[in-house]
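Please read the structure below before turning to the comments.
The values are calculated or read from the model by the stated rules, or taken from the named source; none is laboratory data. All figures in this text were calculated on a predicted structure; none of them were measured in a lab. Here Cβ is always computed from backbone atoms with ideal geometry, including for glycine, and neighbour counts include all displayed protein chains.
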Amino acid sequence: MRTVAVVLVAFAALTACSSGDKPSTATSSSAAPKPAPSTNAAAASLDPCKLLPAAAVSKALFLDNLTAVPGPVQDNAANGGKARSCEYQLDGKAAGALAVTRYEGKQGKPAEMVASIKKAKAGAKDVAGFPDGAVYYVDEQKTATLATAELVAGTPVLVNYTGPAKMTPEQMAPLVKQAVDAS
């Protein structure tokens, strides 16, 4: 079920980034983009299981012995979206997932990506503490999601954590911040 939620969030972001609007070439209001590493290094640095280790999720959820398992790869050639995920499990049962979607070859503003997700998700609310904004919502599958976006080596990247509906933005924000800071 968590995989479905990750795919839905990635799809929402893919749709937002592939709209008919021409993306702006203006720089984001956040700090300057990180220096461009080699393509292979940039891709490796966005491995969700490395960006957010199971130990950090265990601590946030007050659960011992969570394991991190790579989730499905979701690529969309039409808009350049390349989604990777990491599923966090306790005794084989889903406890949450981190998804990282790169939009290679695209230009865009992370704040606009976040705004488009907020517009698309009923009841979504802003979460403070992220340079380009973040949004939290609980969807119809009864899962909670916190999503933000950033530029990594000039490429727009969406980062989101999806977990049980009872997870609050205050519980999720440190997890997403850790992943963003590690990217």
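Odds and ends about this structure:
- Of the listed requirements (1) touching a residue at least 60 places away in the same chain (Cβ under 8 Å); (2) assigned to a strand (DSSP E or B); (3) out of contact with any Lys or Arg (no Cβ under 7 Å at 6 or more places or on another chain); (4) of a type outside the set (F, W, Y), D132 misses just one: (2).
- Among residues of region 69-89, those that are of a type in the set (A, V, I, L, M) and under 16 Å from the mean Cα position of the chain (by Cα), counted: 2
- Residue that is nearest to N79 (Cα to Cα), among those in region 144-159 that are out of contact with any Asp or Glu (no Cβ under 9 Å at 6 or more places or on another chain) and modelled with pLDDT of 95 or more: A147
- A83 part of a strand (DSSP E or B), in contact (Cβ under 8 Å) with a residue 60 or more places away in the chain and among the aliphatic types (A, V, I, L, M): yes
A quick yes/no check of all residues on (1) modelled with pLDDT under 90; (2) buried (at least 22 other Cβ atoms within 10 Å of the Cβ); (3) closer than 20 Å to L146 by Cα:
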site: M1; (1), (2), (3): yes, no, yes
site: V9; (1), (2), (3): yes, yes, yes
site: A44; (1), (2), (3): yes, no, no
site: A55; (1), (2), (3): no, no, yes
site: A83; (1), (2), (3): no, yes, yes
site: G92; (1), (2), (3): yes, no, no
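- Among (1) farther than 20 Å from Q89 by Cβ; (2) of a type in the set (S, T, Y); (3) in contact with a helix residue (DSSP H, G or I) (Cβ under 6 Å, 6 or more places away or on another chain); (4) in a strand (DSSP E or B), the one test that T145 misses: (1)
- Residues in region 152-174 that are touching a strand residue (DSSP E or B) at 6+ places or on another chain (Cβ under 7 Å) and either within 14 Å of G108 (Cβ to Cβ) or β-branched (V, I, T) (or both): T155, P156, V157, L158, V159, T162.
- The residues listed here are A149, A182; of these, the one that is of a type outside the set (D, E), under 19 Å from K82 (Cβ atoms) and surrounded by 22 or more Cβ atoms within 10 Å (Cβ to Cβ) is A149.
- Residue tally, condition under 16 Å from N160 (Cα atoms) and either polar (S, T, N, Q) or touching a strand residue (DSSP E or B) at 6+ places or on another chain (Cβ under 7 Å) (or both), over region 52-68: 5
- For region 153-165, the condition holds for at least one residue, the condition being that it is in contact (Cβ under 8 Å) with a residue 24 or more places away in the chain, within 18 Å of Y88 (Cβ to Cβ) and outside any strand (DSSP E or B).
- Every test in (1) in contact (Cβ under 8 Å) with a residue 40 or more places away in the chain; (2) aliphatic (A, V, I, L, M); (3) surrounded by fewer than 22 Cβ atoms within 10 Å (Cβ to Cβ); (4) within 19 Å of P164 (Cβ to Cβ) is passed by A78 save one, and that test is (4).
- Residue list for region 130-156, restricted to those being over 11 Å from the mean Cα position of the chain (by Cα), closer than 18 Å to S116 by Cβ and among the hydrophobic types (A, V, I, L, M, F, W, C): F130, L151
- Each residue in region 120-129 was checked for being touching a residue at least 60 places away in the same chain (Cβ under 8 Å) and surrounded by fewer than 19 Cβ atoms within 10 Å (Cβ to Cβ), and 1 pass.
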